1. Suppose R0 equals 41 Å. What FRET efficiency, 1/(1 + (r/R0)^6) with r the Cβ-Cβ distance, do residue 33 and residue 10 give to the nearest 0.05?
2. How far is it, in nm, from the label point at residue 17 to the one at residue 55 when both lie 7 Å from their Cα along the line to the Cβ?
3. Would you list the P(r) distribution for segment 1-46, with all Cα-Cα distances sorted into 5 Å bins from 0 and each bin expressed as a whole %?
């Protein structure tokens, strides 16, 4: 039996799929078991603290935001 060019494809394509699946399984496990050792876990942790902080800031500047929106609406209406 002689070597055909597509034999290499038959070996490397499934190997590529297995490596990709293996990497994602490893990444999922690492994120679940040690979340601060991955960028995904660090970003998720930072978002958990960022959202309540932004909500407090938005609530305290609510009046300021309404004034800005009114000013923008007035300028658009005037210059249109």
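1. On the way: r = 35 Å, r/R0 = 0.86.
Calculated transfer efficiency: 0.70.
2. 4.4 nm
3. It works out to 5, 20, 16, 13, 10, 9, 8, 7, 6, 4, 2, 0, in whole percents.
Read the figures in this text as sums done on the coordinates, not as results from a lab. Keep in mind the model is a prediction, meaning the values are calculated, not measured. Virtual Cβ from ideal backbone geometry, glycine too; neighbours counted across all protein chains shown.
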